[in-house]
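The values are calculated or read from the model by the stated rules, or taken from the named source; none is laboratory data. Keep in mind that what you see is a predicted model, and the values were worked out from it rather than measured. Note that each Cβ is placed from the backbone with ideal geometry, even for glycine, and that neighbours are counted across all protein chains shown. Surface accessibility is based on the protein's heavy atoms, side chains included, excluding ligands, DNA and RNA. Shrake-Rupley method; radii C 1.70, N 1.55, O 1.52, S 1.80 Å.
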Amino acid sequence: VDALAIGFLVLGLNKGDRLGIWSPNRLEWVLTQFATARIGVVLVNINPAYRLSELEYSLNKVGCKALVLAKSFKSSEYLQMIRTLAPEIDTCCRGELQATKLPNLRHVIVMDDVEGFSGLWSFEDITALGGSAEKLQLIEIDKNLTPDDSINIQFTSGTTGQPKGATLSHYNIVNNANLT
């Protein structure tokens, strides 16, 4: 968790920034939840069943700077879908994404192998970033996190209009788990 949190810091993610996750239940999902919480980054849960328009809406609504995703799930080809929304991934360098349709998104991190794509990070790449300076930064971040800090945005479906984002704090998440 700390190695992943440090990697996110190296990418330039800071307290209050949004990182989306688009995946079925996987180990990387849990690690990402704890790593983002560790540094005060808000994890945005993207419904695994979302289509392109819903993905685009959600990422833009909350201004995600980074997206962690699985290559695919069931019949959804997540990597191909994000490449449809952000074809700039194919020609940009990692960390320098400037997608017309996703103006806030700078980093796309794939849980699986990403050979052949210059604009993508692999999950393992992120855990290998950083060093002792970033480890020390974690100690300073600890001093500024509170139970009331926003930590998670979950999009809810409804019968009318676009999905609505519900923001949860550290306290909300722990309390929900405790009462389950």
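If you check ALA49, ALA66, which single one turns out to be open to solvent by 30 Å² or more (accessible area, probe 1.4 Å), touching a strand residue (DSSP E or B) at 6+ places or on another chain (Cβ under 9 Å) and aliphatic (A, V, I, L, M)?
Values: ALA66 fails: open to solvent by 30 Å² or more (accessible area, probe 1.4 Å).
So the residue among ALA49, ALA66 that is open to solvent by 30 Å² or more (accessible area, probe 1.4 Å), touching a strand residue (DSSP E or B) at 6+ places or on another chain (Cβ under 9 Å) and aliphatic (A, V, I, L, M) is ALA49.
Here is a list: ALA35, ALA49, ALA66. Which entry is in contact with a Lys or Arg (Cβ under 7 Å, 6 or more places away or on another chain), farther than 17 Å from ALA166 by Cα and of a type in the set (A, V, I, L, M)?
On the way: ALA35 fails: in contact with a Lys or Arg (Cβ under 7 Å, 6 or more places away or on another chain); ALA49 fails: in contact with a Lys or Arg (Cβ under 7 Å, 6 or more places away or on another chain).
Exactly one of ALA35, ALA49, ALA66 is in contact with a Lys or Arg (Cβ under 7 Å, 6 or more places away or on another chain), farther than 17 Å from ALA166 by Cα and of a type in the set (A, V, I, L, M), namely ALA66.
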### Message
For region 62-77, give me each residue that is outside any loop (DSSP other than H, G, I, E, B) and at pLDDT 95 or above.
### Response
VAL62, CYS64, LYS65, ALA66, LEU67, VAL68, LEU69
### Query
How many of the residues making up region 24-55 are modelled with pLDDT of 95 or more and of a type in the set (Ser, Thr, Tyr)?
2
#### Entry: Considering residues of region 52-63 that are open to solvent by less than 30 Å² (accessible area, probe 1.4 Å) and not aliphatic (A, V, I, L, M) only, the residue farthest from ILE141 (Cα to Cα)
SER58
### Task
Return yes or no: is ASN14 of a type in the set (S, T, N, Q), at pLDDT 95 or above, open to solvent by 70 Å² or more (accessible area, probe 1.4 Å) and in a loop (DSSP other than H, G, I, E, B)?
yes
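Among helices (runs of 4 or more DSSP H) lying entirely in region 83-180, which contain 2 or more residues that are open to solvent by 50 Å² or more (accessible area, probe 1.4 Å) and at pLDDT below 90?
Details: elements: 123-127, 132-142, 170-179.
Correct list: 132-142, 170-179.
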